[in-house]
Amino acid sequence: MTEVVRRVRVRCGLSRSSPRPWGVALPPVAFVALFILYPLALVLQQSCGYADVFTSEGFRHALWTTVWLALASTVGCLALGFALALVIAFVPFPGAKAVARFIDVYLSFPSFLITLALLFIYGTTGIVGSFQFLTTPWGVLLAEVTYFTPFVMRPLLAAFSQLDTAQLEAASSLGARAPRIVRRIVLPEALPALAAGGSLVLVLSLNEFGIVLFTGAKGVTTLPMLVYSKAILESDYPGACVVAVVNVLVSVGLYGLYRVVSRRAGA
């Protein structure tokens with residue numbers, strides 16, 4: 001072992017006088033502390049009047065709207081993403097690989113771009129604009145499901161690619177129909193990927209701002225929108241900081257859940 005260590009030191013140009021680990025770790029730690037932790041500490045310091053904010057009708061409405069939209073978006077993305085991933089992975093059709101690759105590209109699109117595209121269909125001057133669909137909470141829900149569904153499909157497609165097709169062929173040869181195969185074989189294998197994708201969608205939809213802003217939906221005020229309203233429109237920075245702290249705490253909790261699920265899923 002000593003000879004191996006000596007050879008590694010020689011090949012890598014290392015010596016006993018190499019920088020200590022704390023010297024290497026100091027720059028990234030300082031960067032995180034200065035540009036991430038310090039601004040968060042300022043927000044926490046500026047937040048005051050928690051009782052006034054928590055007892056306000058606007059905060060309770062924004063919290064409830066944020067929670068139900070995030071949960072509904074997650075459920076919609078799980079159902080739609082699972083169905084689409086099944087078709088792409090197991091139903092042979094021309095261009096299936098191209099569609100799977102497009103999903104990777106789609107993940108880089110900004111959320112407001114999808115909302116802008118929906119405005120051409122459901123907006124006031126769109127194809128079915130007379131319904132003004134996007135100005136309702138259901139329009140926001142449609143936009144979020146449309147945008148976040150690929151975040152569920154990506155881990156599902158990765159899980160389906162590792163599924164033993166021999167089990168599917170054996171079940172089919174024994175007379176099992178497609179719904180039974182999906183329920184008894186595919187779904188149990190997909191549960192970790194569904195949990196990971198669903199957790200990620202839940203966190204992202206909880207903090208979504210662009211979709212709600214671009215739809216201009218009346219009466220749809222989420223926590224991020226409330227932060228924007230208090231800070232920019234009302235100049236109530238302490239109140240905005242209170243809402244931001246609540247949003248961060250909820251997001252961190254959900255992100256911790258996402259990390260646990262991702263670790264168990266091997267992501």
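The values are calculated or read from the model by the stated rules, or taken from the named source; none is laboratory data. Keep in mind the model is a prediction, meaning the values are calculated, not measured. Every residue, glycine as well, gets a Cβ built from its backbone with ideal geometry; the counts of neighbours run over all protein chains shown. Calculation scope for accessible area: heavy atoms of the full protein, side chains included, ligands and nucleic acids excluded. Shrake-Rupley method; radii C 1.70, N 1.55, O 1.52, S 1.80 Å.
Here are a few things to note about the model shown:
- Any chance ALA51 is open to solvent by less than 50 Å² (accessible area, probe 1.4 Å) and either touching a helix residue (DSSP H, G or I) at 6+ places or on another chain (Cβ under 8 Å) or not assigned by TED's automatic domain parsing to the domain that holds ASP236 (or both): no
- When GLY219 is tested against (1) buried (at least 21 other Cβ atoms within 10 Å of the Cβ); (2) within 22 Å of VAL67 (Cβ to Cβ); (3) over 22 Å from the mean Cα position of the chain (by Cα), only condition (1) is not met.
- Extreme residue, farthest from THR115 (Cα to Cα), among residues of region 222-236 that are buried (at least 16 other Cβ atoms within 10 Å of the Cβ) and of a type in the set (A, V, I, L, M, F, W, C): ALA231
- Of all residues in region 119-149, those satisfying the criterion of being modelled with pLDDT under 65 and part of a helix (DSSP H, G or I) are GLY129, SER130, PHE131.
- Within region 100-114, residues that are closer than 15 Å to GLY210 by Cα and in contact (Cβ under 8 Å) with a residue 40 or more places away in the chain have Cβ atoms under 9 Å from residues that are open to solvent by 50 Å² or more (accessible area, probe 1.4 Å) and assigned to a loop (DSSP other than H, G, I, E, B) in these pairs: SER111/PHE209, counting only partners at least 6 apart in sequence or on another chain.
- Qualifying positions in region 179-222 - hydroxyl-bearing (Ser, Thr, Tyr) and in a loop (DSSP other than H, G, I, E, B): THR221, THR222
- Counted residues, region 158-173 - those being open to solvent by 40 Å² or more (accessible area, probe 1.4 Å) and either of a type in the set (S, T, N, Q) or outside any helix (DSSP H, G or I) (or both): 7
- All of (1) open to solvent by 60 Å² or more (accessible area, probe 1.4 Å); (2) at pLDDT 80 or above hold for PRO192 with one exception: (1).
- Being under 25 Å from LEU86 (Cα atoms) and touching a residue at least 24 places away in the same chain (Cβ under 8 Å) is a property that holds for GLU189.
- One residue from ALA231, ALA244 being closer than 30 Å to GLN46 by Cα and in contact with a Gly (Cβ under 9 Å, 6 or more places away or on another chain): ALA231
- Residue check, LEU156 free of Cβ contacts under 8 Å to residues at least 60 places away in the same chain, within 25 Å of PHE102 (Cα to Cα) and not acidic (Asp, Glu): no
- The residues of region 240-263 that are loosely packed, with under 14 Cβ neighbours inside 10 Å, closer than 19 Å to MET225 by Cα and β-branched (Val, Ile, Thr) amount to a single one, VAL252.
- Residues of region 223-240 satisfying the condition of being among the β-branched types (Val, Ile, Thr) and either at pLDDT 90 or above or not in a helix (DSSP H, G or I) (or both): VAL227
- Within region 1-104, helices (runs of 4 or more DSSP H) holding 2 or more residues that are at pLDDT below 80 and among the acidic types (Asp, Glu): none
- Any hit, region 232-240, residues being hydroxyl-bearing (Ser, Thr, Tyr), in contact with a Lys or Arg (Cβ under 9 Å, 6 or more places away or on another chain) and either in the same structural domain as THR136 (by TED's automatic domain parsing) or in contact (Cβ under 8 Å) with a residue 24 or more places away in the chain (or both): yes
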